[in-house]
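As structure tokens, the structure follows; a few thoughts come after it.
Throughout, read-outs are computed from the coordinates displayed, never taken from laboratory work. Just so we're clear, the structure is a prediction, and the values are computed from it rather than from any experiment. No Cβ is skipped: glycine too gets one built from the backbone with ideal geometry, and neighbour counts run over all protein chains shown.
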Amino acid sequence: MLLDVRNLTITGQSDHGPVDVIERVSFSVAEGEVHSLVGESGSGKSLIASAIMGFLDPKWQVRADRLWFDGQDLLTMSASERRQVIGVDIAMIFQDPRSYLDPNDTVEAQLGEAILNSDLKSKHWWGRRKERRQKVIQLLHRVGIKEHQAAMESYPFELSEGAAQKIMIASAIAHRPRLLIADEPTTAMEPATRQQIYRLLGRFHASHKMSILMMSQDMGTIMPESERLTLLYSGQIMESGPTKALLTEPFHPYTKALTTTSLYQQSQCEPKTHLPTLSGAAPPMHHLPIGCRLGPRCPNARRKCVITPQTRKLRSHFYACHYPLNSAAKTRGLSRQDIIATKPARENKDE
Ligand SMILES: Nc1ncnc2c1ncn2[C@@H]1O[C@H](COP(=O)(O)OP(=O)(O)OP(=O)(O)O)[C@@H](O)[C@H]1O
Ligand code: SF4
Ligand SMILES: [Mg+2]
């Protein structure tokens, strides 16, 4: 596995004491794979991305049985080792690219900085300057910006949102990372611009075998290349597995609700389809419910749901729900040993 996250817990401080905002989250990204992490606003996607990148403020406590990149433990490596890995092998793009680009530098200066010195061959500084400029032009062309001269002379505030995101992607791919973490890179973009960005990422994934961890708020914005899908709600993993299986026969009410809502928004639902929408909103960090955190909003919740459901594994499909959906599909042709709990039952802290 290229990225292997096992039982990641991120604890923050609330007025009532420490809170596990992210609770025992596990997922992995294989070499060359696109993995989508989907969750409503506040579910913890950016916290997870920041914990992987090592960007989290020290007020957050990060623990994990494993936070490995290519077999190396990101949690125990020194700051300089981590900078080396993050700077070369992992890159990240953000929801609001303009706020991450330096407002005082031109696009040429910023992209020029992203090119590694080891990629330049010339011995003389003037030769290297020319080479760097050529590479900036190539990068702009690769992200679909043909008017390279105008783009190079621009400052971030002069760029459209789509162009700024393309510059950020160009900066991220300049050193050919093995893993790209994309934290909602197309939220609030026009559908046509979103499609352009997805096509661009899809091309780099295909041509460089670049792995992508794509974070999205809804099912309508997952990349078509996504092989695995993980659903996050309020810091807990609800369901994870092959994208196609989760979209067609989800085991978890949260997956079903988000999928149906997305199909409805794209008008692919039969007329009068019952929408299993989730009423209410995600709970704030200082007011997390006990047991299954989806409980107060779940249409299927019953008394047992105040106990945290075990994560169950069915081949490569994981789900955490006491009353899973599609149970006929689940057990079709399977023995009892095929459905196993990955963790022993755990006492809920508050019980
Ligand atoms: N700097 C912070 N200080 C206090 N709480 C925070 C901070 N950053 C995040 N949180 C809390 O942590 C939880 C997860 O937030 P996070 O930003 O990771 O969610 P998200 O899934 O990225 O949401 P969005 O889709 O809106 O970006 C939320 O309850 C949020 O209020
Ligand atoms: S465990 Fe209960 S509350 Fe949670 S998703 Fe399943 S049915 Fe709903
Ligand atoms: Mg976020």
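Computed from Cα atoms, the angle from the helix 79-88 axis to the main principal axis of the chain rounds to 80 degrees.
Note on the chain: with charges restricted to the Cβ of Lys and Arg (+1) and Asp and Glu (-1), its dipole about the Cα centre is near 940 debye.
Just need the Rg to Rh number for region 114-220, please, alpha carbons only, Kirkwood Rh. Write down the numbers at each step before the final one.
Details: Rg = 15.0 Å, Rh = 15.0 Å.
Reported Rg/Rh, Kirkwood definition of Rh: 1.00.
With 25 Å as the limit, write out which pairs from K45/K166; K59/K256; K45/K304 have Cα-Cα distances beyond it, or answer none.
Numbers: K45/K166 22 Å; K59/K256 35 Å; K45/K304 27 Å.
Pairs exceeding the cut-off: K59/K256; K45/K304.
Which aspartates and glutamates does K244 reach when only Cα atoms under 16 Å apart count, and residues fewer than 8 places away in its own chain are ignored? Counting by Cα, and skipping residues close in sequence, K244 has these aspartates and glutamates nearby: E33, D218, E225, E227.
Normalised radius of gyration for the chain, please: alpha carbon Rg relative to 2.2 N^0.38 Å, two decimal places. Walk me through the numbers on the way to the answer.
Working: Rg = 21.8 Å, N = 351, 2.2 N^0.38 = 20.4 Å.
Relative to the rule-of-thumb radius for its length, the chain sits at 1.07.
Enumerate the aspartates and glutamates that K121 could reach by cross-link, defined here as Cα to Cα under 13 Å, with residues fewer than 8 away along the same chain left out. Those aspartates and glutamates meeting the cut-off are E131. Using DSSP, restrict attention to beta bridges with both residues in the chain and report what percent are antiparallel, rounded to the nearest 5. Percentage antiparallel, nearest 5: 65. The long axis of helix 125-142 is offset from the longest Cα principal axis of the chain by roughly 40 degrees. Relative protection proxy for 206-217, 278-289, from highest mean packing down: 206-217, 278-289 (other beta-carbon atoms within 10 angstrom).
Scattering from region 99-176 was approximated by placing one identical point on each alpha carbon and applying the Debye formula without solvent; log10 I(q)/I(0) at 0.12, 0.17 1/Å stands at -0.30, -0.59.
Computed 3J(HN,Hα) for region 235-251, one whole-Hz value per residue from the Karplus formula 6.51 cos²θ - 1.76 cosθ + 1.60 where θ = phi - 60°, is x, 10, 7, 8, 7, 8, x, x, 3, 4, 5, 5, 6, 8, 9, x, 9, glycine and proline marked x.
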